[in-house]
Amino acid sequence: MNILLAIIALLIMVTIHETGHYLAAVKSGLTVEEFSIGFGPLIYKKDIFEIRLIPLGAYVMIKELEDPEYEGEDIPIGAKINTLIWGPLSNILLGIVLFALVFIIGNVYYPAVVYVPKDSPSYKAGIRTGDKIVSIDKHPIKQFTDITSYMMMNYEPPRSVNVEVERKGKELMFTVTPTQTSDGRYIIGVALYYPPVVGDVMEDSPAYGKVQKGDKIVSINGQPVSSFNEVYEYIMKTATGERYSYTLGIMRNGKEISVKIDVVKDKDSYVLGFVPQSPAKIERYNVITAIWKGLQKTWATTVLFFKGLWLMITGRISLKYVSGPVGIVAIMGEALSARVSFILKLSSFINMSALITIALGLTNLLPLPALDGGRLVFAILSLFGLKISRKVEEKIHMYGFYALLALLVLVTFKDILAIIGGGL
């Protein structure tokens, strides 16, 4: 069901993109020959509107722009540019609306309170579990994801970074030398802090009936713990076989009790049967402020998109982080499947949808053949007297489409392997 909802959301994004083209074309007096939602065998048709069997996209056929046999008079360049640009702009406008909606119903964020493993660069520098990161190199950090974004987009090896933290009401500064991971990323070695409090227990798990929501874990096999991260880390280091038993020290209703539970192996990890209390925070705003916040977040997302694209082109970010439709649907499905409150789940899903629709719009603006941006290049060239015949242009777009299709197949294959292997 969650995967179906994710597919529907993706289909809506693509349909809105094509609706932008359609409305702009009609207003510019162009001839729309076909508006199809989906691909493959025809299910329903009325006038130019069609619904097809495979719900993995949509398209609009505009005679004056896409028919290589069209021999009518040239259309105004303004009409062509207007029609091409309103597809991507429709996605970006949808992103603004979705971000604003998130800020109205409740924007979910995770404060940059961190868990610091003892062998990490941050621990060696003096940062400790429970510290809240305030800034890195004077760049403000509001939520945990800001740490990852800063390191990925701004860090230049081999220098150190200045990390400011808040600890018990005091602000402290530490110099951290990042380390490189096996996939080429540079990290300061911190994770999101999860309190050692049980947030939910799965009914079909060995922990059901033994552990209760609200229980505070104080020890595991006699080892004191102050975070859920330590519980999981201890299990990953000590568990063997398909099933392994642990004794948890639990504080419940002011009394400490001992509970014996089993963990069950699942691929390369272990399932505890319960999840920690979420450290997520929620912020809400009125409509006007939410729209402004939506505009700000859309701009920040746009900057991040192009900066990330440049880092991929220059090889500083691996192409393994690129996802196709299968990967996107899987990620959105995971957001809907998370064992969190409905408001957290809804907010996360809408936020992710906003990010994806903006990325869809910006990708289509890239000056590549077969994309709207590639067609815009030819329109702009004609403004400077560099007119290229329609048949030549369509042939370039055709080969560009084949290249993009081949890339899509490769990315989709990568996504499928990741899902099978538990990577998504």
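The values are calculated or read from the model by the stated rules, or taken from the named source; none is laboratory data. On a predicted model such as this, the values are computed, not experimentally measured, just so you know. Note: ideal-geometry Cβ built from the backbone for every residue, glycine included; neighbour counts use all protein chains shown.
Overview of results
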item: Qualifying residue in the range 86-96 (condition: without any contact (Cβ under 8 Å) to a residue 12 or more places away in the chain, hydrophobic (A, V, I, L, M, F, W, C) and buried (at least 16 other Cβ atoms within 10 Å of the Cβ)); result: yes
item: Filter result for the condition that a residue is touching a Leu at 6+ places or on another chain (Cβ under 7 Å), in the same structural domain as Leu362 (by TED's automatic domain parsing) and assigned to a strand (DSSP E or B), over Ile51, Ile43; result: Ile43
item: Verdict on Ser278 being touching a residue at least 40 places away in the same chain (Cβ under 8 Å) and not assigned by TED's automatic domain parsing to the domain that holds Ile147; result: yes
item: Strands (runs of 3 or more DSSP E) within the range 170-274 that include 2 or more residues in contact (Cβ under 8 Å) with a residue 12 or more places away in the chain, more than 28 Å from Ser120 (Cα to Cα) and touching a Phe, Trp or Tyr at 6+ places or on another chain (Cβ under 9 Å); result: 198-201, 255-266
item: Residue pairs meeting the criteria (Cβ under 9 Å; at least 6 apart or on separate chains; first closer than 19 Å to Glu18 by Cβ, in the range 363-380; second polar (S, T, N, Q) and in a helix (DSSP H, G or I)); result: Asn364/Asn91; Leu371/Thr363; Leu371/Asn364; Asp372/Asn364; Gly373/Thr363; Gly373/Asn364
item: Exclusive hit being farther than 19 Å from Ile92 by Cβ, part of a helix (DSSP H, G or I) and modelled with pLDDT of 75 or more, set Thr289, Thr301; result: Thr289
item: Filtered residues of the range 41-67 (kept if modelled with pLDDT under 80 and either aliphatic (A, V, I, L, M) or out of contact with any strand residue (DSSP E or B) (no Cβ under 9 Å at 6 or more places or on another chain) (or both)); result: Leu56, Glu64, Leu65
item: In the range 23-45, residue nearest to Ile75 (Cα to Cα) [restricted to those that are free of Cβ contacts under 8 Å to residues at least 60 places away in the same chain and of a type in the set (A, V, I, L, M)]; result: Leu30
item: Scope the range 361-389; condition of a type outside the set (Lys, Arg) and within 14 Å of Trp86 (Cβ to Cβ); matching residues; result: Gly361, Asn364, Leu365, Asp372, Gly373, Leu376, Ala379
item: Qualifying residue in the range 244-255 (condition: surrounded by fewer than 15 Cβ atoms within 10 Å (Cβ to Cβ), under 30 Å from Gln143 (Cβ atoms) and among the charged types (D, E, K, R)); result: no
item: First in the range 284-303 and within 18 Å of Tyr109 (Cα to Cα), second anywhere and among the hydroxyl-bearing types (Ser, Thr, Tyr), Cβ under 7 Å, 6 or more apart; result: Lys293/Tyr285
item: Residue within the range 160-169 that is at pLDDT below 90, surrounded by fewer than 18 Cβ atoms within 10 Å (Cβ to Cβ) and more than 23 Å from the chain's Cα centre (by Cα) present; result: no
item: Members of the range 256-270 found to be surrounded by 16 or more Cβ atoms within 10 Å (Cβ to Cβ) and over 34 Å from the mean Cα position of the chain (by Cα), listed by number; result: Val259, Ile261
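Per-residue answers, yes or no, for (1) exposed (fewer than 15 other Cβ atoms within 10 Å of the Cβ); (2) touching a Pro at 6+ places or on another chain (Cβ under 8 Å); (3) not in a helix (DSSP H, G or I):
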| residue | (1), (2), (3) |
| --- | --- |
| Ile8 | yes, yes, no |
| Leu11 | no, yes, no |
| Val14 | no, no, no |
| Leu56 | no, yes, yes |
